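S.K.: A single structure is presented below for examination.
The values are calculated or read from the model by the stated rules, or taken from the named source; none is laboratory data. These numbers were taken from a predicted model, which means no experiment stands behind them. Cβ placement follows ideal geometry from the backbone for every residue including glycine, while neighbour counts extend to all protein chains displayed. Each accessible area value is taken on the protein alone, full model and side chains, heavy atoms only, with ligands, DNA and RNA left out. Shrake-Rupley method; radii C 1.70, N 1.55, O 1.52, S 1.80 Å.
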Amino acid sequence: MSRLLSKLAPIIHKRSVRSFSSSTTGPYLSLSLSAKPSSEGVLNIGEVVLYDPAKQELLNLTDKAIPEEIVTAKWIGASKGWSFFSDTQDRCVLITDSLNPWACKSNPKLLTLPPLNPLFSCQTDVIWNVAMSSCPDDDEDWVVGIKSLGDQVSFCRPRRDLRWTKFQTPFDHFPTSNLTYSKRDRKFYLPGPGGHHLLSYNLDFNKADQPEFHELQFRNFPESFKYDSELSEMFPSSCRTERFVESPTGDERFLVKWYAKGCLAYSSKITYETQRFMVFREEETTEGRFMCYTDDIGDLCIFVSKSEAFCVPASSYPGLKPNSIYFVGFGLGIYDLTTRDVSTFRAPKGALNQIVSPYWFPPASS
């Protein structure tokens, strides 16, 4: 992780660390969290460091109250500006807005959900990703979805029922699929390997119901990419993952294929570096749903990490590169869909304290 974070991009301005002062932020990346016990013993006073890719600056949130419960908890995901943790003792799921720049500095919110229990033949020890239908304060029917590493998907409607409703994916093909929420359809989606099909879960989930199965068909697949992609998948040192992402207005949706190449590190372990992305725009026709290859998403930027993927218009946040993918996971950087080039970031020396798993967070405002 430290090697990954040592690659933060091209130029960091001399005023590379700044305190948060504006009324809104663009997308940002979580970098570090440090805290020391307070005299009251309930909240810790700490510092959160975030990275603003548009300004290429660090946001330094000082004197921030950090709930005692998350100081020793394991960070398991992020969605819509909220962070998810797992208590190391009772395995309860903790949700907090502590890393949101506009969360109450002295009294951050902390919500506690019951621990996840596995279905038969499944496991919940490793959480792959999380997704929410909305922010907790915005909707009485707020739904939390958690995808475990393996075949289990779990949902909870905390305002109405704290119990988890658990599903096992119908095929043994979804161990590392990433859950995402569609505001347009009011459904959670889970792409299958290769993106050839989707599973969808309605908000009125019922344990007796089965997820809806959607088979996807591809068009305009470039021949040059097709050969390279098929060749790379033949080698065990290469990998691929998929993200299903919706534009802010909900009028466009994309399937993102993320290819990474394995490299042998000095420790004799394989590390993965981003090789390429492929983007397919969803098109609904009378013949069905098609995913059409595109290297032009216009003014949009797509942000992918272990958190829920999202899009933002680059013109709304000067400094962002349009028609690009900002990624963290297989390295850290920007992929230009037009040129197919990857550029990386570089962080100021000594800027980071305690390294935490980095996630992209969507724009925040007061």
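S.K.: If you roll a 1.4 Å probe over the heavy atoms of the protein chains, what accessible area per residue do you get for the range 112-180, in Å²?
M.R.: Computed with neighbouring chains in place, this is 43 Å² per residue.
S.K.: While we're here: Ignoring any ligand, DNA or RNA, what whole percent of the accessible area of the range 142-190 comes from carbon and sulfur when the probe is 1.4 angstrom?
M.R.: Accessible surface attributable to carbon and sulfur in the range 142-190 totals 46 percent.
S.K.: Return the distance in nm (one decimal) between the two label points of a simple spin-label model at L111 and D161, each offset 7 Å from Cα along Cα→Cβ.
M.R.: 1.7 nm
S.K.: With a cap of 11 neighbouring Cβ atoms within 10 Å, and only residues DSSP puts in a loop, list the chymotrypsin sites (Phe, Trp or Tyr not before Pro) found in the range 109-167.
M.R.: F120
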